[in-house]
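Please treat every number below as a calculation from the coordinates, not as lab data. Remember, predicted model here, so these are calculated numbers, not experimental data. Glycine gets a Cβ as well: all are built from the backbone with ideal geometry, and neighbour counts include every protein chain shown.
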Amino acid sequence: MTRATAVTTERVTATVRYFAGAKAAAGTRQETVTLPAGATLADLVAAVAADHGDALARVLAASSLLLDETAVHDPAVPLPAGAVLDVLPPFAGG
């Protein structure tokens, strides 16, 4: 008896918006990233860092992250479908 193996093709798509120094390091204001279903914030951050190199990785390490307009500090948080991640590097001024 042959048993069919299901192949999951479910994906989650997130929009990443870069501000200030993050925009300069990424070379873009915004991009769409598609990851496997069940991906986490850490997976998304790792994917964009890998795509854009060390300069963005350094900015990401120092940045505040907003996931769907809410500050997040837990990299294990799962990404909801259609998530929007804002990357806010430290700003000077008062």
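Kindly work out what percent of the DSSP beta bridges joining two residues of the chain are antiparallel, to the nearest 5. Percentage antiparallel, nearest 5: 75. For the range 27-94, a simple Cβ point-charge model (Lys and Arg +1, Asp and Glu -1, everything else neutral) yields a dipole of about 140 debye relative to the Cα centre. Label the chain by shape, choosing from rounded, prolate and oblate, from the square roots a ≥ b ≥ c of the eigenvalues of the Cα gyration tensor; if a/c is under 1.5 it is rounded, and otherwise prolate applies when a/b is larger than b/c, oblate when it is not. Prolate.
Between the listed residues Ala71, Phe19, Pro36, the Cα displaced farthest toward the positive end of the dipole of the chain, a dipole computed from Cβ unit charges relative to the Cα centre, is found at Pro36. Other residues with beta-carbon under 15 Å from the beta-carbon of Thr70 carry, at +1 per Lys or Arg and -1 per Asp or Glu, a net charge of -3.
Just to confirm a number: summing +1 for Lys and Arg and -1 for Asp and Glu over residues other than Phe19 whose beta-carbon lies under 11 angstrom from that of Phe19, what do you get? Every neighbour counted, the sum reads +2.
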